[in-house]
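Chemist: I am attaching a structure below and will ask some questions about it afterwards.
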Amino acid sequence: YWVVDKTVDNLSSTEEILQAAHHIQQNHVIAFPTETVYGLGGNAQSDEAVNRIFNAKGRPSDNPLIVHISAQEQLEQYVQEIPDQARRLMEAFWPGPLTIVFRHNGTLSTKVTAGLNTVAVRMPDHPVALALIEAADRPIAAPSANRSGRPSPTTATHVHDDLSGRIAGIVDGGPTGIGVESTVVDCSSEQVMILRPGGVTKEALEEVVGQVDVDPALIEINQAPRSPGMKYTHYAPTAPLILVDGDVDYFCEQIIRAQDDGQRVGALITNEYCGMTGANKEVLMGVSTELSTIAQHLYDSLRSFGENEVDVIFAQVFTDSHLGSAIMNRLTKAAGGTVRRQ
Ligand code: TXA
Ligand code: MG
């Protein structure tokens, strides 16, 4: 652990950042905070470093990584061209939780791109992340710093729980602000397409580039997703999760029925349901209308059900617009698609 105070004036030259950067230069892997979730970073130009990332996470090697940069000029070194739509989006949202897929020019490790002819790039909006990229003087490939299949980490403790002993270190910059990962978009055709909903909403993108498509695989099942990572099991808590789409009475009914069957029940709920569900354990995520608070607490909430604490978890659903799209995408995955409708 290196605890870093993000308010320091010249972070790039603080002792902790320099140590972490040195590890990156040696092709070792380091966890670091971004504004979305913690990333597990390694030199994106080194096969050795990228292999270490995949090994530490237990991640399938056909799932490409996001390359993190700290300045727009870096981008030109790795991609063939920057389409107009991409330029507009970069201007509007970088640094920030938006990842853009470009055609690459072959200068990055082929392990980063999992052999695809495209590369996903983003500039994180976090002083510690930017300082680390600058001090390392390398593009940093970084997936979320969780064991594959687990909820993404939003604190250094989450990273420690999943990866302790498997990585060279963790830079602790406190809890992350947004709480869900970046939005991944493809700008290779005229119409921008969302491959993964995330911190930048579809509505916000449309204000900049007009109508935006959503990868059909995100809406319909039985479609191969364009973003390879979207096909894997994700964000799984320690007990099976079931989404409940209905009113509070219907929610409570599910819980009573499960308890009648002898199950210990967890409830993943908004503050409005507090104390009403009769569940063996209630975890509150915030007020239902404050989607940014829900997003912030989502992964920590999924992680807060301990091993063997409950047998099943019921979760409330959210609106599918604005940040709700990212929240529902993650919850649906965590539930393996299981929804009970009133
Ligand atoms: O907020 C975030 O994006 C975090 C922080 C650490 O930056 N990172 C993150 O990385 O979520 P990861 O590896 O967990 O998710 C990367 C996603 C995956 O769904 C992957 O399939 C997709 O981006 N991706 C990467 N390269 C791609 C490409 N060339 N084309 C399409 N999708 C790509
Ligand atoms: Mg991930």
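Chemist: Kindly provide the set of residues from segment 315-334 that are in contact with an Asp or Glu (Cβ under 8 Å, 6 or more places away or on another chain) and modelled with pLDDT under 95, ordered by number.
Modeler: Ser321
Condition check ((1) at pLDDT 95 or above; (2) more than 16 Å from ligand 1 (Cβ to nearest atom)) across all residues:
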position: Tyr232; (1), (2): no, no
position: Tyr235; (1), (2): no, no
position: Gly262; (1), (2): yes, yes
position: Met276; (1), (2): yes, yes
position: Glu290; (1), (2): yes, yes
position: Gln296; (1), (2): yes, no
position: Leu302; (1), (2): yes, no
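Chemist: Looking at segment 185-199, I want the residues that are among the charged types (D, E, K, R) and have a partner that is within 9 Å of ligand 1 (Cβ to nearest atom) and part of a strand (DSSP E or B) with Cβ atoms under 7 Å, at least 6 apart or on another chain. Which pairs are those?
Modeler: Once the first residue is among the charged types (D, E, K, R) and sits in segment 185-199, its partners that are within 9 Å of ligand 1 (Cβ to nearest atom) and part of a strand (DSSP E or B) give Asp186/Val101; Asp186/Leu195; Arg196/Thr183; Arg196/Val184.
Chemist: Return the residues of segment 113-138 that are more than 8 Å from ligand 1 (Cβ to nearest atom), touching a His at 6+ places or on another chain (Cβ under 9 Å) and assigned to a loop (DSSP other than H, G, I, E, B); say none if nothing qualifies.
Modeler: Listed by number, the residues that qualify are Asn117, Met123.
Chemist: Look at segment 168-180 and say how many of its residues are part of a loop (DSSP other than H, G, I, E, B), buried (at least 24 other Cβ atoms within 10 Å of the Cβ) and away from ligand 1 (no atom under 11 Å from the Cβ).
Modeler: Of the residues in segment 168-180, 1 are part of a loop (DSSP other than H, G, I, E, B), buried (at least 24 other Cβ atoms within 10 Å of the Cβ) and away from ligand 1 (no atom under 11 Å from the Cβ).
Chemist: Here's something else I'd like to know. When you look at Asn10, is it more than 22 Å from Phe102 (Cα to Cα) and either acidic (Asp, Glu) or more than 15 Å from ligand 2 (Cβ to nearest atom) (or both), yes or no?
Modeler: Against the criterion (more than 22 Å from Phe102 (Cα to Cα) and either acidic (Asp, Glu) or more than 15 Å from ligand 2 (Cβ to nearest atom) (or both)), Asn10 qualifies.
Chemist: Here is a follow-up. Within segment 96-112, identify whether any single residue is surrounded by fewer than 18 Cβ atoms within 10 Å (Cβ to Cβ), near ligand 1 (Cβ under 10 Å from one of its atoms) and either outside any strand (DSSP E or B) or not β-branched (Val, Ile, Thr) (or both), and answer yes or no.
Modeler: Within segment 96-112, one or more residues are surrounded by fewer than 18 Cβ atoms within 10 Å (Cβ to Cβ), near ligand 1 (Cβ under 10 Å from one of its atoms) and either outside any strand (DSSP E or B) or not β-branched (Val, Ile, Thr) (or both).
Chemist: State all residues of segment 294-337 that are in contact with a Leu (Cβ under 7 Å, 6 or more places away or on another chain) and of a type in the set (Gly, Ala, Ser); if no residue qualifies, say none.
Modeler: Ala295, Ser301, Ala315, Gly324, Ala334, Ala335
Chemist: Okay, moving on. Within segment 181-193, track down each residue that is in a loop (DSSP other than H, G, I, E, B) and either surrounded by fewer than 23 Cβ atoms within 10 Å (Cβ to Cβ) or in contact with a Gly (Cβ under 6 Å, 6 or more places away or on another chain) (or both).
Modeler: Within segment 181-193, Glu181, Ser182, Cys187, Ser188, Ser189, Glu190, Gln191 meet the criteria.
Chemist: Is it true that Ala334 is touching a residue at least 12 places away in the same chain (Cβ under 8 Å), surrounded by 14 or more Cβ atoms within 10 Å (Cβ to Cβ) and touching a helix residue (DSSP H, G or I) at 6+ places or on another chain (Cβ under 8 Å)?
Modeler: Criteria met by Ala334.
Chemist: Shifting gears a bit: Are there any pairs with C-beta distances below 6 angstrom linking a residue in segment 1-30 that is closer than 22 Å to Thr176 by Cα and touching a residue at least 24 places away in the same chain (Cβ under 8 Å) to a residue that is part of a helix (DSSP H, G or I) and of a type in the set (Asp, Glu), with the two at least 6 apart or on different chains, and if so which?
Modeler: Sorted first by the residue in segment 1-30, then by its partner, the pairs are Trp2/Glu16; Val4/Glu16; Ser12/Glu134.
Chemist: For residues that are out of contact with any strand residue (DSSP E or B) (no Cβ under 7 Å at 6 or more places or on another chain) and of a type in the set (Ser, Thr, Tyr), scanning just segment 144-177, find the one that is nearest to ligand 2 (Cβ to nearest atom).
Modeler: Selected residue: Ser148.
The values are calculated or read from the model by the stated rules, or taken from the named source; none is laboratory data. The model shown is predicted, which means the values in this text are computed figures rather than measured ones. So basically every Cβ, Gly included, is an ideal-geometry build from the backbone, and we count neighbours across all protein chains shown.
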